[in-house]
Amino acid sequence: MVRAAALLLGLFAAPIVSEKVEVRGIGAVDLRTFECRDINRSTVVQRVCYEAAQRTLLVEARGAYQQFCNVPAETYAALMVAPSMGLFFNRTVSDPGSGGRYRCAI
């Protein structure tokens, strides 16, 4: 009982460290303000992180993170429920033919 209590206290005393990921063309991005979800139903998309206040979307696709800006919450929600996340991502979010609508100004 004492060991279990000590273990629990140790867990709560451990510092909370936010996760950072390397984003293509940007560098390290802190995920502290993002809501992230690991994806296991897509062969293209492995992880999706969205920051609603800034409308920023991070997508880990084919092993690399990419950042997209001014992404409406509706587009994020549609990506998350799309029958084919990879197809939706490629056609709607990352497609260069879309005029770079979600390209971030650097």
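The values are calculated or read from the model by the stated rules, or taken from the named source; none is laboratory data. Please read these numbers as outputs of a predicted model, since none were measured by experiment. Counting neighbours? That spans all protein chains shown, and the Cβs are built from the backbone with ideal geometry, glycine included.
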Fill in the blank from the handout: Expected output for segment 78-92 (first residue within 11 Å of Arg41 (Cα to Cα), partner not in a helix (DSSP H, G or I), Cβ below 6 Å, 6+ apart or cross-chain) is Met85/Ser42; Met85/Val45; Gly86/Ser42; Gly86/Val44; Gly86/Val45
Problem - Boolean, Val71 is in a strand (DSSP E or B) and modelled with pLDDT of 95 or more - result: no
Problem - Within segment 76-106, tally of residues that are closer than 20 Å to Ile26 by Cβ and of a type in the set (Val, Ile, Thr) - result: 2
Fill in the blank from the handout: When every residue in segment 25-83 that is under 14 Å from the mean Cα position of the chain (by Cα) and hydroxyl-bearing (Ser, Thr, Tyr) is compared, the one surrounded by the most Cβ atoms within 10 Å (Cβ to Cβ) is Tyr50
